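The structure under discussion appears below in the form of structure tokens.
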Amino acid sequence: FDTAEYTYVNSSGRLRVYDVTLEILTDEGCLGSTTLDSSITVVPQPIAAFSSDPDLDKLKTTNPLVQFKNESIQANWLVWDFGDGERSREQNPAHEYKLEGEYEVMLVARNVYQCSDTLRKKAIVNHANIPFIPSAFTPNGDGINDFFSIDGLQDVSDVTLEIFDRWGHLIFQGDGLDVQWDGSNNQSRVVQQGVYNYRLLYTDSFGESFEVSGNLSVVGVEK
């Protein structure tokens, strides 16, 4: 052969030096050889690696802080790019995303021989459900604020709304994303003006269950 190829792999973490020997066999069966001492130097190749807590596909706008952990091999110089214009050279940085969306996280790992490796992962910051729950409503039939309803929920399931009187008796229960209370009790009568308790149950798209409770004032009806 006029040319030859060979791939050297160096996972030792240090320089490796190799001799190269060329042997020639003539048609007459004569063998000749020559050696180039220390002609090939192979530097170690770093491997970029990292993990995160929480996982990058489970971020929420209510808790967008990510703790990154460098797991690179044979690297002593790092640059992190979080995909939102922010960078870091820390070993194990923490980063907080300001807005929901998709971001490309990039880690560049380099060793003392100026060899580098790059790893990219996608970070997805999801919308977190922050329910807007009114503190009062007026179920008097005037067409204005006649219903107690919940806003701000997206991509949720198993929604249940419960209303209790001041003695803790359940007077209303409804299910579904569009659930609302018209102010009537379980006898279909409009309740008296006063303070009631609510409990909202739902499950988000990650399978995490939530319970929100508080007080609700019914006003604008006859006592």
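The values are calculated or read from the model by the stated rules, or taken from the named source; none is laboratory data. In this text the structure is predicted, and so the values were computed from the model without any measurement. Quick reminder, even Gly has a Cβ in these numbers, built from the backbone with ideal geometry, and neighbours come from all protein chains shown.
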Of all residues making up the range 104-125, the number that are more than 30 Å from Ser205 (Cβ to Cβ) and surrounded by fewer than 17 Cβ atoms within 10 Å (Cβ to Cβ)
6
Inside the range 146-155, can you point out the residues that are surrounded by fewer than 17 Cβ atoms within 10 Å (Cβ to Cβ) and in contact (Cβ under 8 Å) with a residue 40 or more places away in the chain?
Asp155
Find the strands (runs of 3 or more DSSP E) located wholly in the range 20-82 whose residues include 3 or more that are surrounded by 14 or more Cβ atoms within 10 Å (Cβ to Cβ), and list them.
65-70, 77-81
Only unsatisfied item for Asp37, checking (1) touching an Asp or Glu at 6+ places or on another chain (Cβ under 6 Å); (2) at pLDDT 85 or above, is (2)
Residues of the range 180-213 being surrounded by fewer than 17 Cβ atoms within 10 Å (Cβ to Cβ) and either among the aliphatic types (A, V, I, L, M) or at positive phi (or both), in sequence order, are Ser188, Val190, Gly194, Val195, Leu201, Gly207, Val212
Filtering the range 87-102 down to residues that are part of a loop (DSSP other than H, G, I, E, B), surrounded by 13 or more Cβ atoms within 10 Å (Cβ to Cβ) and in contact with an Asp or Glu (Cβ under 9 Å, 6 or more places away or on another chain) yields Tyr97
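Residue-wise test of (1) of a type in the set (Lys, Arg); (2) farther than 14 Å from Leu119 by Cα; (3) at pLDDT below 95; (4) within 20 Å of the chain's Cα centre (by Cα).
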site: Asp19; (1), (2), (3), (4): no, yes, yes, no
site: Pro44; (1), (2), (3), (4): no, yes, yes, no
site: Asp57; (1), (2), (3), (4): no, yes, yes, yes
site: His95; (1), (2), (3), (4): no, yes, no, yes
site: Glu104; (1), (2), (3), (4): no, no, no, yes
